[in-house]
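The values are calculated or read from the model by the stated rules, or taken from the named source; none is laboratory data. Predicted model, so just to flag it, every value in this text is computed and none were measured. Cβ atoms come from the backbone with ideal geometry, glycine included; neighbour counts cover every protein chain shown. Note: areas computed on protein heavy atoms with side chains; ligands, DNA, RNA excluded. Shrake-Rupley method; radii C 1.70, N 1.55, O 1.52, S 1.80 Å.
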Amino acid sequence: MTMATGRELFNNFLNDEPLPRPVFVPMIRGLLSRVDGLSMERLMNDPTLWANGLVRTHKLFRFDGVVVGLDFTLMAEACGCEITWEKDRPVASPPLKGLYKKPEEVGRMKYALEVASRVFEVCQKDQACIAAVTGPITLADMLFGPGKGADHLEEIKQLMVQVAEAFCKTGPDVLIFLEGRPLASTKINLSHRKIYNTLKNITGYYDVKTGLYVQRYAPSSVDQFKALKMDLYVLGPSTDGTLPGISRVWDLGVGALGVGLGLPLDDLAAARRLIKEGRKLYETTGGRGIFFTSLGPATRDVDLETLHELVQEFFH
Amino acid sequence: MGISISVDIGGTFTDFHARSEDGNTETTKTPTTHYDLSVGFMKGMKTLARSFGKGLSDFLGQSDVVRYCTTMGTNALIERTGPKLGFITTAGFEDAIFLGRARSWADGGSVLENKDLARIRKPEPLIQPEMVVGVRERIDSFGNVVSPLRREEVLEKLQHLVDRGAMGFVVGLLWSFSNPAHERMIREIIEEEYPEDYLGSMPVILSSDVSPKSAEYTRFTTTIVNAYIHGVMAEKLNKLGNELRDGGYRRPLVLVHNTGGMKKMSRTRAVLTHNAGPVAGLHGALSVGAHYGHEKIIFTDMGGTSFDIGVITGGELKTYDFIPLIDRWRTNIPAIEVKSIGAGGGSIAWINRLMDNAMEVGPQSAGSMPGPACYDQGGREPTVTDADLLLGYLNPENYLGGNMLLDPDLSQEAIKERIADPLGIDPVEAALRIRQVVDARMGQEVFNEVALKGHDPREFVLMACGGAGATHACGFAPYLKVAKVIVSPYSSVFGAFGASTLNIQQVWEMSKTMKIFQWATQSYSEDVDEFNRVVADLKNKAVRDLQLEGYREDQIQFRLELDMRYGMQYNLMKVVSPRLTLRNSDDFKVICDTFTQQYAEVYSPEATFPMGGINLECFHMTAVVALPPLELEAFEGNDQTPSGAASLPAREAFWASLEGFMKTPVFAFNELLVGNEIDGPALVEADDTTYVIEPGWRFVMDRFRNAVLERNQA
């Protein structure tokens, strides 16, 4: 009997079928530059280096899936923000000359789409393929200034539709929208639901599931994200940098396909504890509704030896 | 027997119907994914699997058959994704396919395009003029070789085509249906030059194989269209077959044909898959009608993109299109006639500035992407669905069983901006006009289709199918004055349902002109041997083919149809031959009498023209392996009044005859019982459609759980 591939297992998760073993799909971003010995700025401005780096890193650790596009500033830049690199991290400042009309054809977003297309083509036989793009609520705040985005959701709707469609055409299994404080710190309202409905309609047409990644939220407000009715949820670090209790994370996935349980890749002990708790949950649910990921995008500060040890423990 | 699955791809939605051996039936719809049809196909399979409470691999592993009405071939023609082909024909006839028939510039164009004589163009040819070569040869109409074919010349012309990048060859010579020897010689030469083990090996398709019938233009175009879509379809269907196999399916994929039957994909000619979905729907209507004893049925299917119309008389499918159009090409395949017009839920309403700002609906459709404005996928054009939503007929929270949330604000915005404001009217008034225009257009087309075939529409039962059929039936039925409208519970996936009622079937044809009645001598032909020879030849081909498909000869039933006409007339009429083989000239008389009677029924007895004599032009042998017929389950009757569980919250809906919005009762279709009656105005919501019962109409759920809509006599 052949071993099921990461993609087959993740598809079980997406089809609400039991997984014979837990799946691990960490979100790798800065770690790439560590593995490849190149700066993120250089990697993200060369689709060949970027794509090869992703494939190489995932082969190195044998993760079950690959995530492309993990950068809040990608979409902001594509819509017209100025980008400056500080300590090899991109920083976006609001656009001065208005919004671009075709974000999918601009700068690093164009590269990200090319990388997604290349990487998914190569990886889709064995690995789950996930694309990620900044969510509309956070994007609006990045474009129009903190606290001012809510009034401009209609303006960015078409831009989000174009980019979501462009990512869907690269053939991912899931498109995850990345949201930060702008969504996490407000109460979900009708305008939030409407713009997410539009995006879900687009992904639905391409048979791509939609996910929500949120970070910098108050642990007590996690339940409200359910109102967006996404297919799956992934929680990043909360305002205090931790993950809420596992039962609270699990509750978020009830009624959806499930949740991604984030492991702190730089804290082996905490990760071990979460794996243990997660496995218990996995067993009680018959292997449905849960997969493991990283607690937020893995940066270049992650210790490779620790990560390697964690992966070894996870799969054995 | 396991699960039987049928799939029908439409312009907007892909429909699925599955029935397990215990009678459990599930249906679903997914948006048609034009960028890759297999995506929507597999998505529907996953949904069906969940409906049966199974994983995909279990579901497909337990499935006996997957029947597929595909539009891949049509798409390849529209998108021009076929290969570069070379065409080899008889010298002197190189331009035949470019000259076309008299009206080839109008074939396949919309009414509006065809009126625009200054801009109308012939279709861009599938084979460019430099890819056509003529070889000197000639066979006469009796099949005698008049001028032999020269191998050297074929090789020379072949090289010419290869040098220009031919990726396949179509061979169409004069009178090859009488004697295919020269066409076969050309194929042998090509196969010798480019054997299968060479990388340069290329397919060779002969007109005498694809279409052994007279009339070279349609024979050539049929063969070219078949060759053009063959490779594209084979590649995509193989990919789909692999996906199904990876998913657990272990049987061959079966394709539905436009001749009213189906066969394994591996034994199907590409050209026979065109328009298969509507033909399957028509067959479904025939099967449902048989349960009521209805022999005269008008079948309509209002989907998202098109409105299909078919006519059943005498309890049979016997209306054929003699030269059916595929995209913009006249062919001679034996397709059952189903007319399509561009009117559906996704049809776009627009203002025609050239016609004094008249509002028109269709033929352009918003399709599945971006779809109507209310789908909230970026579409901004107002459609029929937007109008239905604005008028309160559709529930935005319960469209496709709640799987697609509609946004009424976007409908209002689109209708206001594109229709209401330019016309200076209220958006609701504009929505009402959109609905009335599309209903009138459909009603008029159906009336024409039935009346021009010599029938009185009032004698027919109307079957309203398609996702939007139940929503508009009361709107277009009055144009026909039919007594009864039947809406099946599977109406929104009726093409797929119809496919599940089909038999294994194929048609074999041969052109052969015989004068079987001479007016001057009042005599019938004595040449029964020639007639029987052609019949035996066709039967042998059919038996061999179906045996390769895995059926025994004693399972096969034959039906012989003949194309006949009066001498000196152009139009042919297809007649079911009362005899399969003939004993003497008296049998020819029986055939002529059948023809005369049928001709008189359609064109009136005064129009018969025996003075011209009677000709037989073409033989069509239909071989059928009958599968167990559809049995609709009948239920016991209940109270006329729906139970409380069937009542949903009433909502505001607009009724033209009542001149405004009114709180309208709404019912859940799944909670209605056999015998329940509902008087209009009312709305009945099913998972995949909404029944709009106009004031003056009555909805009755009959014993088969079909909805019967009738004029309320009270």
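Just a few scattered comments:
- About its Cα centre, the dipole of the protein assembly as shown is roughly 880 debye, where the only charges are +1 on Lys and Arg Cβ and -1 on Asp and Glu Cβ.
- In order along region A:233-244, phi translates into HN-Hα couplings of 10, 10, 9, x, x, 7, 4, 8, x, 10, 9, x Hz, rounded to whole numbers, per the Karplus curve 6.51 cos²θ - 1.76 cosθ + 1.60 with θ = phi - 60° and x for Gly and Pro.
- Rounded to two decimals, the Cα-based Rg/Rh of region B:77-233, with Kirkwood Rh, is 0.99.
- Ligands, DNA and RNA aside, residue B:214 has an accessible area near 50 Å² when probed at 1.4 Å.
- Dipole axis of the protein assembly as shown (+1 Lys, Arg; -1 Asp, Glu on Cβ), positive-most option in B:596, A:220, B:71: A:220
- Residue-normalised accessible area of region B:269-428, expressed per residue, 1.4 Å probe, Å²: 33 Å²
- Summarising the amide proton neighbourhood of residue A:127: residues at separation of 5 or more, or on other chains, whose placed amide H is nearer than 5 Å comprise A:7.
- Region B:77-233: relative contact order as a whole-number percent, Cα under 8 Å and 6+ apart: 29 percent
- With contacts taken as Cα pairs under 8 Å at a separation of at least 6 residues, chain B carries a relative contact order of 12 percent.
- For region A:112-264: rounded, prolate or oblate by the Cα gyration tensor [a/c cutoff 1.5]: oblate
- Dipole of the protein assembly as shown, positive direction: furthest Cα of B:300, B:332, B:223, with charges on the beta-carbon: B:223
- Unsatisfied cross-links (Cα-Cα over 30 Å) in the set B:46/B:541; B:213/B:318; A:276/B:43: B:46/B:541; A:276/B:43
- Placed amide H near residue A:106: partners under 5 Å, 5+ positions off or other chain: none
- Eligible aspartates and glutamates near residue B:263 by straight Cα distance, threshold 12 Å, same-chain separation 8 or greater: B:545, B:549
- Residue-averaged 222 nm ellipticity for chain B, from DSSP H runs of 4+ at -39500 (n - 2.57), nearest 500: -9500 deg cm²/dmol
- Most mobile listed residue (A:33, A:191, A:220) in chain A, GNM with C-alpha springs under 10 Å: A:220
- Using Cβ point charges alone (K and R +1, D and E -1), the dipole size of region B:220-355 about the Cα centre works out to roughly 380 debye.
- Result for chain A in a Gaussian network model with C-alpha springs under 10 Å: among A:146, A:94, A:26, the largest mean-square fluctuation is at A:146.
- Derived scalar couplings between HN and Hα for region B:608-618 equal 4, 9, x, 4, x, x, 10, 10, 10, 10, 8 Hz in order, rounded to whole Hz, by the Karplus curve 6.51 cos²θ - 1.76 cosθ + 1.60 (θ = phi - 60°), x for Gly and Pro.
- Taking Cα atoms only, the orientation of helix B:151-163 departs from the longest principal axis of chain B by about 40 degrees.
- Annotation: aspartates and glutamates with alpha-carbon distance below 12 angstrom to residue B:54 (same-chain offsets under eight excluded): A:16, A:17.
- For residue B:338, solvent-accessible area (1.4 Å; no DNA, RNA or ligand), Å²: 20 Å²
- In straight-distance terms, cross-link reach from residue A:125 covers every one of the aspartates and glutamates whose alpha-carbon lies under 16 Å from its own, apart from those fewer than eight places away in the same chain; here that gives A:8, A:64, A:173, B:243, B:246.
- Counting only protein chain heavy atoms and rolling a 1.4 Å probe, the accessible areas of B:459, A:305, B:429 rank, largest first, as A:305, B:459, B:429.
- Degrees between helix B:37-51 axis and first principal axis of chain B (Cα, 0 to 90, nearest 10): 50 degrees
- Rolling a 1.4 Å probe over the protein heavy atoms gives region B:1-69 an accessible area of 32 Å² per residue.
- Remark: accessible area buried at the B-A interface is about 1600 Å², both chains counted, probe radius 1.4 Å.
- For chain A, the Kirkwood radius over C-alpha pairs fed into Stokes-Einstein at 4 °C and 1.567 mPa s yields D = 67 µm² per second.
- Centre-to-centre separation between the Cα atoms of region B:120-198 and those of region B:656-697: 61 Å.
- Dipole moment magnitude, nearest 20 debye, chain B about Cα centre, only Lys, Arg, Asp, Glu C-beta charged: 1020 debye
- Neighbouring Cβ atoms from other chains, within 10 Å of the Cβ of residues in B:373-384, number 3 on average.
- Rounded to whole numbers, the Karplus 3J(HN,Hα) couplings from phi for region A:55-63 are 4, 5, 4, 6, 5, 4, 9, 6, 5 Hz, using 6.51 cos²θ - 1.76 cosθ + 1.60 with θ = phi - 60°, and x at Gly and Pro.
- Heavy-atom accessible surface of region B:1-69: percent carbon and sulfur, 1.4 Å: 45 percent
- By accessible area with a 1.4 Å probe, ligands and nucleic acids excluded, highest first: order of B:350, A:50, B:508: B:350, B:508, A:50
- To the nearest ten degrees, helix B:585-603 and the longest principal axis of the Cα atoms of chain B are 40 degrees apart.
- Hydrodynamic radius of chain B per Kirkwood, over alpha carbon pairs, in Å: 27.2 Å
- With one equal scatterer per alpha carbon and no solvent term, the Debye-computed log10 I(q)/I(0) for region B:503-657 at 0.09, 0.13, 0.18 1/Å reads -0.48, -0.69, -1.09.
- Each DSSP beta bridge with both residues in chain A is either parallel or antiparallel, and the antiparallel ones are about 15%.
- The order of A:108, A:279 by accessible area, most exposed first and with a 1.4 Å probe, is A:279, A:108.
- Intensity falloff of the protein assembly as shown expressed as log10 I(q)/I(0), Debye formula with alpha-carbon point scatterers, at q = 0.06 Å⁻¹: -0.53
- Solvent accessible area, Å² - residue A:301, 1.4 Å probe, full protein context: 110 Å²
- 5 angstrom amide H check on residue A:290, placed H, neighbours 5+ away: A:259
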